[in-house]
1. What does the convex hull of the alpha-carbon atoms of the stretch 1-52 project to on average, in nm²?
2. Can you tell me the FRET efficiency between ASP89 and ASP173 if r is taken as the Cβ-Cβ distance and R0 is 30 Å, rounded to the nearest 0.05?
3. From the helices alone, meaning DSSP H stretches of at least four residues, give me the mean residue ellipticity at 222 nm for the chain, per-run term -39500 (n - 2.57), in deg cm²/dmol to the nearest 500.
4. Could you check the spin-label model distance between VAL35 and ASP70? Points 7 Å from the Cα along Cα→Cβ, value in nm.
5. What do you get for the angle between helix 103-114 and the principal long axis of the chain? Use alpha-carbon atoms, 0 to 90 degrees, nearest ten.
6. Once you put a point 7 Å from the Cα of GLU9 and another 7 Å from the Cα of ALA193, both along the Cβ direction, what distance in nm separates them?
7. Among (i) 28; (ii) 34; (iii) 39, find the value of percent of Cα pairs over 27 Å apart that was calculated from the structure presented, and write down its label.
8. At a Förster radius of 45 Å, what calculated FRET efficiency corresponds to the Cβ-Cβ distance of ASP149 and THR28, to the nearest 0.05?
Amino acid sequence: MTTSRTRAEQKRHTRALIVEAGRNGVATRGFTGLVVRELAREAGIVPTAFYRHFESVDDLASELASGAADTLGSFIDELISPATSDPADDWPRLASVAATRDPQTWAMLARGLVDTGHPDHRVLAAAVDSARRRLGISLGRLETLAGADGASIDIAADLVVVVLLRALIEMADGHDPRTAVDECSGRLRVILAGAAAGA
């Protein structure tokens, strides 16, 4: 037996279809590739129905960028909430889980970060900068980096963010998770060893 949706349920369903089409669009074409006609076609609606849910493509782009930034923030929470003595071992495994859980967000984040001409690029860039700062605080608390100066920790945090994002994006793109985790772990070990050597 099928039940028909209420008007409110149908509206939520259509909006979810548009958001999903937008996520696909950003993941494959970037923010500047979002076009109402394409979004409507992917969502299975007429183009005018788009405007019942969003005032403009820019409104949709802002929602998508905020969602990706929030996902990155939650991922960083997962990394730093339990204290770790070996981020080179723990963080790549957590990245694998995050990439498997929501691959589209990481593809969208990657495309959005290189789409520097779009205003919502700033939202994603700010999220990455926040991730770098938060990871830097965690790295500064590691016993192995106790003697490292602030500059060495900052450089290590910059590199750690790049390595983790690369692993997330590769796994989201279908690369073998085991290989990506091993490569990420190896790169993190080199970064942390370099920061410790500068202590």
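1. Numbers: hull surface 16.2 nm².
Projected over every direction and averaged, the Cα hull of the stretch 1-52 covers 4.1 nm².
2. Numbers: r = 23 Å, r/R0 = 0.78.
Once the sixth-power term is evaluated, E becomes 0.80.
3. Details: 9 runs with 150 residues, N = 199.
Dividing the helical sum by the residues of the chain leaves -25000 deg cm²/dmol.
4. If labels sit at VAL35 and ASP70, their model points lie 3.0 nm apart.
5. Its long axis makes an angle of about 80 degrees.
6. The answer from the label model is 5.8 nm.
7. (iii)
8. Numbers: r = 42 Å, r/R0 = 0.94.
The value I calculate is 0.60.
The numbers here are math on the coordinates, done by the rules we state, and not lab data. Quantities reported herein were computed from a predicted structural model and do not represent experimental measurements. Using ideal geometry, Cβ is built from the backbone for each residue, glycine included, and neighbour counts are taken over all protein chains shown.
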